[in-house]
């Protein structure tokens, strides 16, 4: 997925929700993740280059 987002922003959180899909009954909420993207935005702003946002990004962030 590609998101076109502008900075600065009042909030740098991306909220993702997972739902199941039911044909004959109501869809059910499964879970939710909230990702803080402030560091990602600051990295992109400093480098003026696009940044891949995948598991390697979070692995490096967790080690820092």
C-alpha long axis of helix 38-47 to longest principal axis of the chain, angle in °: 40 degrees
Matching label for the computed P(r) over Cα pairs in 10 Å bins from 0, in percent, out of [x] 19, 48, 31, 3; [y] 16, 41, 25, 14, 4; [z] 21, 48, 22, 7, 2, is [y]
Test of understanding: in a Gaussian network model of the chain with alpha carbons linked when under 10 Å, which of 24, 41, 53 would top the mean-square fluctuation ranking? 24
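Each value in this text was obtained by applying a stated rule to the coordinates, not by laboratory testing. Bear in mind the structure is a predicted one, so any value in this text is a computation, not a measurement.
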